[in-house]
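Working notes, beginning with the structure itself.
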Amino acid sequence: MTPVPLRRQILVVDDDPNVCAALHAALADGYVVHSASTGAEALTILQGQAIAVILLDAFLTREHGLDLVPRIRKHCAAPVLLITGHSSEELAIRALNAQVNGYLKKPFDVAALRTAVRQLLDGSPPDPADRVRTWLEAHCGKPLRLAALAGQFGLSDRHLRRLFRAAYGQTPQHYLVECRMQRARSLLRDTSLSIKRIAAEVGYPTLLGFRRAFRRRFGMPPAACRADGRK
């Protein structure tokens with residue numbers, strides 16, 4: 001009888017039960033998935049299990065996820081995939097300095113999650129379209145020049161558009177707009193920043209242009225979104 005291969009073990013470090021449940025549902029058919037809501041729980045699991053990949057939330061309630069990485073490295077050499085709902089250039093820089101192995105934005109796409117985990121496990125180089133996607137999410141407040149972005153990743157702008165559309169069903173420009181809108185909605189609901197400041201934060205130099213783009217995406221002006229999110 002052929003032995004059943006052992007499934008690799010994944011550790012999810014996130015204090016949101018809904019996110020843990022979603023990640024478990026997305027990966028449980030191929031992996032053994034453990035969950036921890038704090039750094040202390042994560043380290044306890046790492047001491048007792050042979051973890052192959054760690055999915056780490058960037059912002060835990062009592063601690064910053066990236067602050068855990070040096071402690072994790074003392075117990076386990078498994079690659080770390082950072083997951084976050086609040087991307088920013090500062091976070092991208094911190095993640096780079098912490099030497100995490102990947103970056104995934106909430107809400108995550110199941111196919112993208114599975115691909116990211118598989119790439120970390122087999123050590124294959126990151127897909128160019130995925131690298132561009134990660135860059136766009138981390139730098140959504142900056143103006144986009146497609147030719148310059150493509151050159152940064154060693155591609156022509158035409159090749160980049162083709163790869164990106166094949167992977168995500170849209171152009172990098174459209175994906176950038178979506179990142180900006182999702183970031184803007186999060187800032188409207190979770191911060192007290194002025195709408196003008198939020199417009200600038202997500203790459204719109206004029207308030208009018210931001211309002212038009214926001215209404216086109218969500219069917220309401222930014223002020224209405226803020227009021228609705230605080231009910």
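Every number in this text was worked out from the coordinates using simple rules, so none of it is lab data. Just so it is clear, the model here is predicted, and its values are computed rather than measured. Glycine also receives a Cβ, built like all others from the backbone with ideal geometry; neighbour counts cover every protein chain displayed.
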Going by alpha carbons, how many degrees (0 to 90, nearest 10) lie between the helix axis of 89-98 and the longest principal axis of the chain?
20 degrees
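For the chain, what does the helix formula give at 222 nm: sum of -39500 (n - 2.57) over DSSP H segments with n ≥ 4, over the residue count, nearest 500 deg cm²/dmol? Could you put the intermediate results ahead of the total?
Working: 12 runs with 131 residues, N = 231.
Helix contribution divided over all residues of the chain: -17000 deg cm²/dmol.
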For region 211-216, Karplus couplings with θ = phi - 60° (6.51, -1.76, 1.60), whole Hz, Gly/Pro x
4, 5, 5, 5, 5, 5
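If you average the sequence gap of Cα pairs under 8 Å that are 6 or more apart and divide by the length of region 102-231, what percent do you get for the contact order?
Numbers: 98 pairs, mean separation 25.8, N = 130.
Averaging sequence separation for qualifying contacts and normalising by length gives 20 percent for region 102-231.
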Where does helix 17-27 land angle-wise versus the long Cα axis of the chain, in degrees 0 to 90, nearest 10?
70 degrees
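Determine, for each peptide in 180-189, 19-28, the mean count of other beta carbons within 10 angstrom over its residues, then list the peptides with the highest first. Can you show the working numbers first?
Working: 180-189: 19.9, 19-28: 17.0.
Those peptides, ordered most packed to least, come out 180-189, 19-28.
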Can you list residues from other chains, or at least 5 along the same chain, whose modelled amide H is less than 5 Å from the amide H of G102?
V80, L82
Taking amide H positions as placed in the peptide plane 1.01 Å from N, state which residues far from A36 in sequence (5 or more) or on other chains have amide H under 5 Å from it.
V12, V13, D14
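Consider all pairwise Cα distances in region 9-125 and report the whole-number % of them above 18 Å.
Tail of the P(r) past 18 Å holds 44 percent of the pairs.
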Principal-axis tilt of helix 110-122 within the chain, Cα atoms, nearest 10 degrees
50 degrees
I need the semi-axes of the equivalent ellipsoid of the chain: take the C-alpha gyration tensor, multiply each eigenvalue by 5, square-root it, list largest first in whole angstrom.
33, 22, 16
Just how many % of Cα pairs in region 146-229 lie over 15 Å apart, if you round to the nearest whole percent?
60 percent
Straight-distance crosslink candidates among aspartates and glutamates, where the alpha carbon sits under 12 Å from K105 and sequence neighbours closer than 8 are dropped:
D57, D130, E137
